[in-house]
Amino acid sequence: MNVNGRRYRTIWLAGPDKGLVRIINQLLLPHQFETFDLHTLEDVCRGIQDMYVRGAGLIGAAAAYGMYLAAREAGDASFDEDMVHAGELLKHTRPTASNLAWAVDAMLGLLTGRQGRRAQKIEAARFAAEAIAAEDAQSCRKIGRYGLDLILAAAERKNGEVVHILTHCNAGWLAFVDYGTALSPVYAAFDSGIAVHVWVDETRPRNQGAALTAWELGGHGVPYDLIPDNAGGHLMQHGMVDLVITGADRVTRRGDVANKIGTYLKALAAKENGVPFYVALPSSTFDWNMRDGLGEIPIEERDPEEVRWVTGKTTDGRIESVRICPDSTSARNWGFDVTPACCITGLITDRGIAEPSEQGILKLYPEQRCVP
Ligand code: MRU
C-alpha cells in the first residue's frame, strides 16, 4: 500500500546481497514512519516478540525470512539441526497465530533432509521466504475482492447510504505483507466508489486500532472514527453498525476464531443485535489440527506492564509512557480471546466466503477432509 505516495510492503529483503530483512517499525507508528533492519535470526525473534512486526500474516512472513537468515547462519555439517533449532526459537516467540508455525514448518519441509551445497540451500531458503510473503499478499488481495461483495450488498440494501463497518484491532495491510484481511474489503469498496465509514476500536492495551488502523485508514483517505473499546455494543443497539469485520490469528477446522482480546464481546453484541459479524483470514490462518477453539488454542499472555502503562505523544511532541494505575497494581494481560463459530456469520477467505462450520469450511478446502 502507499505511504506518502510511495508503495510499501511491510517486510522485504534489502542489502547488497539481500542479506537483511527490512521492516516498517510498527512501534513508532502513528507518530513516526521508519524502517528497521533485522540482520540475524535473533533480531527477527526479538522483532516478533517485542512487536516491531505484528499481526498474524506479517509474523508468518517474518518467521519465513527469519528461517532464511537462519540458513545463512547455519553450519554446513549441522544445517538441518540448526534449522530445526531456529524453527523452535521462532515458534516460541508468539504462540497464538497459526501463520507463524505454518511458515516455519513450510520452510523446514523444504529445506531439511536435502542434499546439495550450503549456498544452494541458502538460495532455496530465500526463494521460499519470498514465495511465502508473496502468497500472503496475494491471499489478502483476493479476500478484498470476496469481501467487497458483502459491502456492495450492504450498500444496495441501504440505497447507497454510507455503510458503517466496525473493526477491532488492526487487520489491515500493516498486519500482513500487503492489503490486509479485515480492511482489504474496505479498501476495495472505497476504491470502487462505495460510501464506507469505519468505526475503529482503540484496542487496549497496545492500541493497535488507535495507532495502526487509524493511521492506515487515514493514509488511504477512508473516513473513520476512533471509538473507545467499549462503545461497539452501544452503536449496534442504535443501528449504527451495518457489519463487523475482524481479522483472525487462528481458526479451527470447525470455525472457532482466536483474535485480539475483546473480539468475543463484539461478536456477542453483534449476535444480540442482528448485526452480521464476519472474520477475514488467509488460508494459512486455519489450524486443521484443531476443532475446539476454546479448549485447544493457546492464548498468549503478555507482560502486565502493557496494561499498567500507556504510551502516547505529548502536546509538545514527545513520545512518553505514563502509568495509569496505582504503583502496586497487579494486572493480567491476555492477548487474544476465542469467538465460537456460532457467533460468526461467515469467514471471508482467499477462496471465497465460508459458512463457519466444519462442513462449510471443507466445501472450500476439500483437500483437508481427511482428519489428521
Ligand atoms: O498482537 P497483535 O497486534 O499481533 O495482534 C494480532 C492482530 O493483529 C489481531 O488479532 C488481528 O485482528 C488479526 S491478525 C491480522
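Residues that are touching a His at 6+ places or on another chain (Cβ under 9 Å) and aliphatic (A, V, I, L, M) do occur in region 15-34, at least one of them. Across region 105-125, the qualifying residues are those that are among the small types (Gly, Ala, Ser) and exposed (fewer than 15 other Cβ atoms within 10 Å of the Cβ), and the one among them that is nearest to His92 (Cα to Cα) is Gly109.
Considering region 59-104, the residues that are surrounded by fewer than 16 Cβ atoms within 10 Å (Cβ to Cβ) and small (Gly, Ala, Ser) include one that is farthest from Arg302 (Cα to Cα), namely Ala77.
The residue that is surrounded by the fewest Cβ atoms within 10 Å (Cβ to Cβ), counting only those in region 176-186 that are out of contact with any Asp or Glu (no Cβ under 8 Å at 6 or more places or on another chain) and under 17 Å from Val244 (Cβ atoms), is Pro185. Meeting the requirement of 3 or more residues that are within 15 Å of the ligand (Cβ to nearest atom), the helices (runs of 4 or more DSSP H) wholly within region 1-108 are 41-49, 56-73.
Since every read-out is calculated from the coordinates, none of them should be taken as a lab result. Not measured: the values here are computed from a predicted model. Please note: Cβ atoms are built from the backbone with ideal geometry, for glycine as well, and neighbour counts cover all protein chains shown.
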